[in-house]
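Written below as structure tokens is the structure these notes are about.
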Amino acid sequence: MRLRTPKLVRLAALGIAGATTIAVVAVPASASTQATIVNVVGYSVVGPAYTALEKAFQATSAGSGVTFTNTFGASGTEANNVAKGIPADVVNLSYYSDEESDATAGYIPATWENQEDTIGGVNPATQTVYKTPGIVTDSTVVFIVRKGNPLGIKQWSDLTRKGIRLVTPNPETSGSAKWDLLAAYAAWKALGHTPNQDQNYLKSVIEHIVAEPPSGSTALSTFLAGTGDVLLDYEDDALGAVAAGDAITVVVPPQTLLIENPIALTNTGLAKPAAVAFYQYLFSSAGQTVLAKLGYRSVLTSVWNATKSSFAAFKKSTDLQTISTINSGGWPVIDPEFFGSSVTFPPNDSIHPNEGIVTYLEQFAGQDN
């Protein structure tokens, strides 16, 4: 059964060949009012959360008189936009490498990860067990299925049953897609399979993908419009869809991957007291509680302990894999290993690359199962 059409054809058919960016453009203002305008740039899925966060912050003494411009889209696209000079004071992208690319371009300080401690006031003693610096929210990869789960999707092996059609964003533009595909690999690893078996399973997952929209939010829209049987998505996005009344069921697989979304103040943001105050609010108990109520797993132990009953638990610590359990080198190693443009193979193995794994496996998209 042919389950996948060429990427450009799929995107054109969906009418979303390019990334979607939602922007609120500020009316030109004087220098004094510009100081109280905070420009937020982020990955698509987190956009609705900032509506609530900004409103809550504006109700505080520190936020009185502060206004916002917001630009949200595919994480890779927004990272490029920041590097091209889009107004940006606070940048909340999908994963480490997109944030780091803006640091390399000189728009974010090289020490951006330390801002969580030095500016946000969050030190390891107040963090949850996941102590990656520079992370403002945690989440997990889950399955979104049709209301009532008519196909009985429960675990990762169900995704590669004959005829199952998957939706996940495009890894060339979306950080969400990278989390999704790595979750499949990591979950198989958690079950005790070998690295080659993990790759074989990931290949099967990719072969079942029928649509790769450019961002996490457009992937959800595509699924809600009727495409596919299962959407791989952020837990927070899935819970938001349930809260919005969408006709879906959320399935938390027994094994999955911890998502860690980074944030940073840019060079212009550091020079703007309103942006610094907002950044601090995001890491405060009040800000983290707003995020927790919207389906995000808090990075503060105090808030997590007060809200964790609202989230799925895992039986074993290894059931919730992390980037470091996939590779101890983290994203700087994982990005080229899985998503690099160059594909290389180890000696005596021409089917299991050690660099560009997903790049290589995507070549099999559309083949019969």
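Any read-out appearing in this document is the output of simple, stated calculations on the displayed coordinates, not a laboratory observation. Since the structure is predicted, the reported quantities are computational estimates derived from the model, not experimental observations. All Cβ positions, glycine included, derive from the backbone under ideal geometry; neighbour counts span all protein chains shown.
Which order do 352, 208 fall in if you start with the one that has the fewest other Cβ atoms within 10 Å?
Numbers: 352 18, 208 24.
Ranked by crowding around the Cβ, least crowded first: 352, 208.
Can you list the HN-Hα couplings for segment 295-300, worked out from phi with the Karplus curve (6.51, -1.76, 1.60; θ = phi - 60°), rounded to whole Hz and with x for Gly and Pro?
x, 9, 7, 5, 8, 9
What full-extension length gain, to one decimal in nm, is calculated for residue 34 and residue 193 as 0.36 nm per residue of separation minus the Cα-Cα distance? Before the final figure, lay out each step's value.
On the way: separation 159, 0.36 × 159 = 57.24 nm, distance 5.48 nm.
Taking residue 34 through residue 193 to full extension adds about 51.8 nm, to one decimal.
Give a residue-ordered list of calculated ³J(HN,Hα) values for segment 194-202 (Karplus: 6.51 cos²θ - 1.76 cosθ + 1.60, θ = phi - 60°; whole Hz; x for Gly, Pro).
7, x, 5, 5, 4, 5, 4, 5, 4
Can you compute the FRET efficiency between residue 333 and residue 104 using 1/(1 + (r/R0)^6), with r the Cβ-Cβ distance and R0 = 22 Å? Round to the nearest 0.05.
Numbers: r = 16 Å, r/R0 = 0.74.
About 0.85, to the nearest 0.05.
What's the exposure ranking of 297, 165, going from fewest to most Cβ atoms within 10 Å? Don't jump to the answer; show the numbers that get you there.
Numbers: 297 24, 165 17.
Listing 297, 165 from fewest to most nearby Cβ atoms yields 165, 297.
Kirkwood hydrodynamic radius, the chain, all distinct C-alpha pairs: what's the number in Å? Mind dumping the intermediate values first?
Working: mean 1/r = 0.0478 Å⁻¹.
This gives a value of 20.9 Å.
By count of other Cβ within 10 Å, fewest leading, how are 283, 314 ordered? Before the final figure, lay out the partial values.
Numbers: 283 22, 314 18.
The most exposed by this proxy come first: 314, 283.
Based on DSSP, what percent of beta bridges with both residues in the chain are antiparallel, to the nearest 5?
Details: 22 of 38 bridges.
Of all bridge pairs located within the chain, approximately 60 percent are antiparallel.
Take the alpha-carbon centre of segment 125-158, take the same for segment 213-262, and report the distance between them in whole Å.
Cα centroid of segment 125-158 versus Cα centroid of segment 213-262: 10 Å apart.
Which lysines does residue 84 reach when only Cα atoms under 29 Å apart count, and residues fewer than 8 places away in its own chain are ignored?
Residue 84 reaches 7, 55, 178, 272.
Round to the nearest 10 and give me the degree value, 0 to 90, for the angle of helix 273-282's Cα axis relative to the longest principal axis of the chain.
Orientation of helix 273-282: about 50 degrees from the principal axis.
Between residue 56 and residue 225, what is 0.36 nm times their sequence separation minus the Cα-Cα distance? Round to one decimal in nm. Write down the numbers at each step before the final one.
On the way: separation 169, 0.36 × 169 = 60.84 nm, distance 3.20 nm.
Result: 57.6 nm gained on full extension.
Order of 172-180, 318-326 by packing, highest average Cβ count within 10 Å first? Walk me through the intermediate numbers first.
Values: 172-180: 27.2, 318-326: 18.2.
So the peptides 172-180, 318-326, ranked by packing, come out 172-180, 318-326.
At 222 nm, what value in deg cm²/dmol follows for the chain if DSSP H runs of at least 4 each add -39500 (n - 2.57) and the sum is divided by all its residues, to the nearest 500? Intermediate values should be presented prior to the final figure.
Details: 17 runs with 141 residues, N = 369.
My calculation for the chain gives -10500 deg cm²/dmol from helical runs alone.
If the chain between residue 161 and residue 344 were fully stretched, how many nm would it gain, using 0.36 nm times the residue separation less the Cα-Cα distance? The partial results should precede the final answer.
Details: separation 183, 0.36 × 183 = 65.88 nm, distance 2.96 nm.
Full extension of this stretch gives 62.9 nm more.
Could you size up the charge dipole of segment 64-114 around its Cα centre, putting +1 on the beta carbon of Lys and Arg and -1 on that of Asp and Glu, and report it in debye to the nearest 20?
Numbers: 1 positive and 7 negative charges, 36 e Å.
Rounded to the nearest 20 debye, it is 180 debye.
Would you mind working out the magnitude of the charge dipole of the chain relative to its Cα centre, with +1 at each Lys and Arg C-beta and -1 at each Asp and Glu C-beta, to the nearest 20 Debye? Could you put the intermediate results ahead of the total?
Working: 22 positive and 31 negative charges, 191 e Å.
Computed charge dipole of the chain: roughly 920 debye.
For segment 306-369, which trypsin sites (Lys or Arg not before Pro) are in a loop by DSSP, counting at most 16 other Cβ atoms within 10 Å?
On the way: sites: 308, 315, 316; in loops: 315, 316.
Passing both the DSSP loop test and the Cβ count: 315, 316.
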